[in-house]
Ligand code: MRU
């Protein structure tokens, strides 16, 4: 996607041909800065501190992290240690584990001398495939958006509600939930996006707004708690969110607060879609109960960071001294509340049979 007239993806190889560059998402929306990753630890830190975040991007960053690790030591022992270290950085997005399994398959049986080249080739293909999958999600989602738009009076915009950032910043390009939105907007369809702020890290207010704004998509930030009210008033035509892990029955883990929006959507009859690429499906889990939920630092709940009127970036405390806090970072939306899953292969019911209809090759291995 474009920022200030320049084409960007969220991760790319540096000019030196081996180190990796990312956009530091912890500094957005106020500062656009890139960071160079040149070691396993750089990549692990970028994932852990959320310089990169969003399930697909976490996976691709881990893949390049493994390349960097192998560059300094391509032994079996170093490979295993690097995989364990990267896997432990964040628990919920299954793309992290998936990416490392794919990398392991690509290099495990090779001689030490050929592992580095094979690893970089696999990571680059993973990044390309992610772009293509997300582009395809946009095509399938566009069909849904067109159908919904056709039901509205001519000239009225389609109001899409989203949560967190499942945009191009969360992937390599296009995004998952935002891909249909960009596609529709680029075709001149009238689209307006309600962007839930997404406390405590504010991925909606800070990141989704940043990218929609840079692309010229009309949008409005709302407090997370406003979603249900807008749905009741008929001001939301469809909700589309991303996912960090989808179980084989279609239950979806996504940023905390997604479940509440799905409940409100069900009560008000608003269609609620989850957009995801194949790398986000965890075929080993029968349902969402088994998805690990990341517990993050209470500081994220007790403080907020933003830009002061003087232009400085500052962090302030928002609760009394000593107030305890809890910070579960994801929740599970049961498949019964999901109208459909938008994937790179098409739109399916959020159910085991719906997913298997899109991925029939999983019939042999996936839970029945
Ligand atoms: O904690 P984050 O920022 O890594 O959260 C993940 C997300 O960005 C969202 O849950 C998103 O909607 C799914 S990733 C496309």
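The values are calculated or read from the model by the stated rules, or taken from the named source; none is laboratory data. Here the structure is a predicted model, which is why all the values come from computation and not from measurement. Every residue, glycine as well, gets a Cβ built from its backbone with ideal geometry; the counts of neighbours run over all protein chains shown.
Take residue 213 and tell me if it is away from the ligand (no atom under 16 Å from the Cβ) and within 19 Å of residue 27 (Cα to Cα).
Judged against the criteria, residue 213 is a match.
Against the list (1) surrounded by 15 or more Cβ atoms within 10 Å (Cβ to Cβ); (2) within 16 Å of the ligand (Cβ to nearest atom), the condition residue 88 fails is (1). Just one of the listed residues (172, 160) is touching a helix residue (DSSP H, G or I) at 6+ places or on another chain (Cβ under 7 Å), at pLDDT 95 or above, outside any helix (DSSP H, G or I) and more than 27 Å from residue 226 (Cβ to Cβ), namely 172. Within the stretch 22-74, the set of residues being more than 22 Å from residue 101 (Cα to Cα), in contact (Cβ under 8 Å) with a residue 40 or more places away in the chain and within 11 Å of the ligand (Cβ to nearest atom) comprises 25 only.
Restricting the stretch 338-368 to residues that are closer than 17 Å to residue 254 by Cβ and within 16 Å of the ligand (Cβ to nearest atom), the residue that is surrounded by the fewest Cβ atoms within 10 Å (Cβ to Cβ) is 350. Within the stretch 183-206, restricting attention to residues that are within 14 Å of the ligand (Cβ to nearest atom) and farther than 18 Å from residue 272 by Cβ, the residue that is surrounded by the most Cβ atoms within 10 Å (Cβ to Cβ) is 203. Taken over the stretch 228-257, the criterion of being outside any loop (DSSP other than H, G, I, E, B) and within 14 Å of the ligand (Cβ to nearest atom) is satisfied by 239, 240, 241, 245, 246, 252, 253, 254, 255.
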